[in-house]
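Read the structure below first, then the notes.
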Amino acid sequence: MDGLDAYDTPTPAGVINTNKGSISVNGKDIEVIMLYDGKPLAIQSETLAITSGKNPGLFISVYPDGLSSSQSFTQHIIITDATGKTVHMSNILDTGLDFQWGDNNFVRFESGVMYFGIYSPKRMQFVYRDGKLEENKGPWRGPAKPEKYIEPEHPGPCYNVADVPACMEEVEQAEAAKRAKVKHKAKSAVIAPKPAASH
């Protein structure tokens, strides 16, 4: 598809864009109505799975609903599902917790089901299947500790890899092998005997 940028995800329901922080479908922002003041809020995508190319058209959004001065300030979760011909929104789940998404999460897909969770202030995990979002009280499905996402300091082959030093070492080894191969080809070209000139 022409005209797509890095923030565009083509889905069966249309092009999802997360460029402005908010999620838009075919150019129209997706909004939820806040419970505490009844105002619309353009939601934003929180999932890191989008950037790793594993996202099958499902987008997690986490947003606060409540007044920060009151005890009702908790994070709510909603899923934007663009896996079908039309975009569907899941039910909104009030987690009862105030947490930061950031590196504090895991997301995994198994057989068309999305599992995700947070580690702090307490471990809590969720499941999205058949259009319904709910807390998953089963066994913990994420890694023992959250995997750190490192913000890129500059674009490069390792900008979205958790273990940047190991990645850079791997890239350097690949480059060195490529240079050695090129050198070997150049050397053998010089040594090759020149054909005798015919008179």
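Laboratory data are not the source of any read-out in this text; all were calculated from the coordinates shown. As the structure is a computational prediction, the values presented were derived from the model and not from experiment. Heads up, the Cβs are rebuilt from the backbone with ideal geometry, glycines too, and the neighbour counts pull from every protein chain shown.
Remarks
- Efficiency of FRET from Cβ geometry, Ile33 and Met168, R₀ 45 Å, rounded to 0.05: 0.45
- The share of C-alpha pairs in the range 83-140 whose separation exceeds 18 Å stands at 37 percent.
- Calculated FRET efficiency, Glu110 to Lys178, Cβ-Cβ distance, R0 = 25 Å: about 0.10 to the nearest 0.05.
- Phi-derived couplings, Karplus 6.51 cos²θ - 1.76 cosθ + 1.60 at θ = phi - 60°, listed residue by residue for the range 108-120: 8, 10, 9, 6, x, 10, 9, 10, 8, x, 10, 9, 9 Hz, with x used for Gly and Pro.
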